[in-house]
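Peer 1: Input: one structure, supplied below.
The values are calculated or read from the model by the stated rules, or taken from the named source; none is laboratory data. Here the structure is a predicted model, which is why all the values come from computation and not from measurement. Counting neighbours? That spans all protein chains shown, and the Cβs are built from the backbone with ideal geometry, glycine included. When the accessible area is computed, the model is the full protein with side chains, heavy atoms only, and any ligands, DNA or RNA have been set aside. Shrake-Rupley method; radii C 1.70, N 1.55, O 1.52, S 1.80 Å.
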Amino acid sequence: MNQKLKKTLRYITEMNQDEQFYKAYFQAGKSEETLRRFLKKVDIEDAIQRHLVIPELLPDIISYYMDDSEYFSENDGRNIFISKHNRYTPGFTHKHNFFEIVYVYTGECIQNIGLKCLKLSQGDFLFIAPGVFHNIEVFDDETVVFNILLRKATFYQMFTPLMKQNDIVSEFFAEGLYNSQHINYLIFHTETRGTKNIRKLMIQLFQEQLFHDACSDQIMIGMMTTMVGLVTRYSLTTMESSLTDTIKQTPDHFLVLNYIQSNLNTVTLTDVAKHFGFSVSYCSRLIKASTGLGFTEWKNSLRMRRAERMLLNTNKTVAAISEELGYMNPETFIRSFKKFTQMTPVQYRRQTKIQNPIHREISSE
């Protein structure tokens, strides 16, 4: 085993200085008197310099909204940031304008997303959408959790292939990029399949983070793309999402929603029920429980989000998009799109490209 790998593994497992502080802080908090004595001994200047989360002493140091500029400066050239989550850190609710990926390397942790409390175990990957309030709780010595952040522009480049598919995963990534999120998170369970390869990649990624050089960023992008591909390959059939919180986890909900998206231009509720051998009423209830919307509303929202992507990422005319999405004529499509976005397709294409330079580079009218 080489020295870099030894140091990486030691850094992953051993408690660092901040973790030792947070553990003492956590233990002191079991009684008001011990907490008061602990806080009295804290060196405020040192705590500020280390950016320690201490709500009683430094409430202003906690950022409830984070931008990727906090992690990626214009000059450092980095596109991926990976950190080990400090154990015993007080849970503080926050959101950010980029995707976050949480990987449980060992142990278990609690992730609170909105009002939902999720228990994550070893091997779990959690993808959190932009703009979603969340916090994480890790209060034991054995759990190791990694936080993976990607610069927004890099994320677009890496996950464009995933957005071309017609499934819940592609919807999740695409919506986050177009600021129309209704899927707050995805969870992939990798402990039963692909564990060895994924854990090995995670260690290599973190080693590149710790021993960063001129080639590391390019290497990390490649490894990250590979890892997400492996995660989706091994765990797609057991994936959980915020769409499925209200129903029992079975393959039905995923397969039904995926079928609708794959046949979006022509599918009817009767078609779906017939394809899966369900009754129409059961199929209707399943869709409502999974999405919070009836079949017609869900289908229309999918068509509109797909229309948004086609307007931004292709040079297709409004008429061509209308036909591809199964509308009888462009006028009907334009009316539906305007009702959904308060803009006509042409206005939407023009305004969004003006606001977001990335889309100007992708296509031009």
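Peer 1: Measuring with a 1.4 Å probe in the full set of protein chains, what accessible area per residue, in whole Å², belongs to the range 1-112? Could the numbers behind the result be given before it?
Peer 2: Working: 6370 Å² over 112 residues.
That works out to 57 Å² per residue.
Peer 1: How large is the accessible surface of T13 in square angstrom, using a 1.4 angstrom probe and rounding to the nearest 10?
Peer 2: T13 has an accessible surface of roughly 90 Å² with all protein chains in place.
Peer 1: In nm, give the distance between the simple-model label positions of M66 and S301, each being 7 Å from the Cα along the Cα-to-Cβ direction.
Peer 2: For the pair M66/S301, the computed spacing is 2.7 nm.
Peer 1: Can you tell me the 0 to 90 degree angle between the C-alpha axis of helix 251-262 and the longest principal axis of the chain, rounded to 10?
Peer 2: 50 degrees
Peer 1: Using alpha carbons only, how many angstrom separate the centre of the range 124-158 from the centre of the range 69-103?
Peer 2: Cα centroid to Cα centroid, the span is 7 Å.
Peer 1: Could you tell me the accessible area of M1 in Å² (1.4 Å probe, neighbours in place), rounded to the nearest ten?
Peer 2: Here the residue's solvent-accessible area equals roughly 140 Å².
Peer 1: How tilted is helix 152-163 with respect to the longest principal axis of the chain? Cα atoms for both, answer in degrees (0 to 90, nearest 10).
Peer 2: Compared with the principal axis, the helix lies near 50 degrees.
Peer 1: Given a 1.4 Å probe, how much area per residue of the range 271-321 is accessible, in Å²?
Peer 2: Values: 2240 Å² over 51 residues.
On a per-residue basis, the range 271-321 sits at 44 Å².
Peer 1: Quick one: length gained pulling I48 to H275 fully straight, 0.36 nm per residue minus the C-alpha distance? Before the final figure, lay out each step's value.
Peer 2: Values: separation 227, 0.36 × 227 = 81.72 nm, distance 6.02 nm.
75.7 nm is the gain from fully extending I48 to H275.
Peer 1: Starting from one equal scatterer on each C-alpha and no solvent at all, send me the Debye-based log10 I(q)/I(0) for the chain at q = 0.11 Å⁻¹, two decimals.
Peer 2: Relative scattering, expressed as log10 I(q)/I(0), comes to -0.86.
Peer 1: Share of the chain's accessible area from carbon and sulfur, percent, 1.4 Å? The partial results should precede the final answer.
Peer 2: Working: 9500 of 18210 Å².
On the chain, the fraction of accessible area on carbon and sulfur atoms equals 52 percent.
Peer 1: Give the separation of the Cα centroids, the range 24-68 to the range 183-223, in Å.
Peer 2: 31 Å
Peer 1: Would you check the accessible area of K95, probe 1.4 Å, heavy atoms only, in square angstrom rounded to 10?
Peer 2: Its heavy atoms expose roughly 60 Å² to the probe.
Peer 1: Now for a separate question. Per 0.36 nm of contour for each residue apart, how much would the distance between T34 and I110 grow if the chain were fully extended, relative to their Cα-Cα spacing? Working shown, then result.
Peer 2: On the way: separation 76, 0.36 × 76 = 27.36 nm, distance 2.56 nm.
Stretched fully, the T34-I110 segment lengthens by 24.8 nm.
Peer 1: Report the gain in length on full extension from R233 to S262: 0.36 nm times residue separation, minus Cα-Cα distance, nm rounded to one decimal. Intermediate results must be reported in sequence, preceding the final value.
Peer 2: Numbers: separation 29, 0.36 × 29 = 10.44 nm, distance 1.84 nm.
Full-extension gain reported as 8.6 nm.
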